[in-house]
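The values are calculated or read from the model by the stated rules, or taken from the named source; none is laboratory data. The model shown is predicted, which means the values in this text are computed figures rather than measured ones. Note that each Cβ is placed from the backbone with ideal geometry, even for glycine, and that neighbours are counted across all protein chains shown. The area values use the complete protein model at the heavy-atom level, side chains included, leaving out ligands, DNA and RNA. Shrake-Rupley method; radii C 1.70, N 1.55, O 1.52, S 1.80 Å.
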Amino acid sequence: LPNFAELKNSFKDIFVLYLPKDIVSGDFYWFSKNNDSVLIAAVDCTGHGVPGALMSMIGNTLLNQIVNERGITDPGHILTELNLKVRSVLRQDSDEANSTDGMDMCICKLEKGRLFFAGAKRPIYVSSKSGIAEYKGDRYSIGGRQNGDRIFTTTEIEIKKMKEIWSL
């Protein structure tokens, strides 16, 4: 899991509600910061205990490769690449594949007063003075059995007072 001190350095007011069912879990959150943007994700992997934790390790490692090594920062593109990599690592791209494991997740990119979001079967909720708005993600997961290519979409969400919640 990301170091909480790193999160506090990037956001003026933050908390993390992380209550896994077991110590070894298939749920994780992920964080990356570069010069002018911050990316944060919440991920729910298939499986509980050790199988879920293995999927978490695969997901965390692949997210770091895609974003920090390859420099891909568009949320939809990240999910599209993650889907391809998970299917490759678990050898799900053949008709004989036994694995149906995968993950549902949402990922956000905060950059220069703008919020970009992509979701794999997960929404994001944005609170404002006028209420709470739900932005739905795409209707499919990362990995698992699939027909055809999965291209994930990025949604830009207007944030008027971004500087009040985020500091780079």
Inset, instruction - Using label points projected 7 Å from each Cα along Cα→Cβ, tell me how many nm separate PHE4 and VAL24, to one decimal. - result: 2.5 nm
Inset, instruction - Mind giving me the FRET efficiency for ASN68 and ILE14? R0 is 22 Å, r the Cβ-Cβ distance, nearest 0.05 is fine. - result: 0.60
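Based on the Kirkwood radius over alpha-carbon pairs, what value in µm²/s does the Stokes-Einstein equation return for the translational diffusion coefficient of region 13-109 at 20 °C and 1.002 mPa s?
Working: Rh = 14.1 Å.
Once the numbers are plugged in, D ends up at 152 µm²/s.
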Legend entry - Ordering of 43-55, 139-151, 12-24, 98-110 by burial proxy (mean other Cβ atoms within 10 Å per residue, highest first): 98-110, 43-55, 139-151, 12-24
Legend entry - Derived scalar couplings ³J(HN,Hα) [region 87-93; Karplus, 6.51 cos²θ - 1.76 cosθ + 1.60; whole Hz; x for Gly, Pro]: 4, 6, 4, 8, 6, 8, 8
Inset, instruction - Using a 10 angstrom cutoff on alpha carbons, build the Gaussian network for the chain and name the most mobile of PHE11, PHE116, PHE152. - result: PHE11
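Once neighbouring chains are kept in place and the probe is 1.4 Å, which whole percent of the accessible area of region 38-162 is contributed by carbon and sulfur? The partial results should precede the final answer.
On the way: 3330 of 6890 Å².
The C+S portion of the solvent-accessible surface of region 38-162 is 48 percent.
Taking the Cβ of PHE117 as the centre, find all other residues whose Cβ is under 9 Å away and add up their charges (Lys, Arg: +1; Asp, Glu: -1). Working shown, then result.
On the way: positive: LYS109; negative: GLU156.
Around PHE117, the charge tally is 0.
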Inset, instruction - Using Cα pairs closer than 8 Å and at least 6 residues apart in sequence, work out the relative contact order for the chain, in percent. - result: 23 percent
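Could you report region 20-168's accessible area per residue, 1.4 Å probe, as an integer in Å²?
Details: 8480 Å² over 149 residues.
The answer is 57 Å² per residue.
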Inset, instruction - Determine the percent antiparallel among the DSSP beta bridges restricted to the chain, to the nearest 5. - result: 95 percent
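Going through the cross-link list LYS21/LYS136; LYS21/LYS109; LYS12/LYS129; LYS8/LYS121, which pairs have a Cα-Cα distance over 23 Å in this structure? Before the final figure, lay out the partial values.
Details: LYS21/LYS136 25 Å; LYS21/LYS109 28 Å; LYS12/LYS129 19 Å; LYS8/LYS121 28 Å.
In this structure, LYS21/LYS136; LYS21/LYS109; LYS8/LYS121 exceed 23 Å between Cα atoms.
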Legend entry - Under the Debye formula (equal points on every Cα, no solvent term), log10 I(q)/I(0) of region 1-60 at q = 0.15, 0.17, 0.27 Å⁻¹: -0.49, -0.61, -1.11
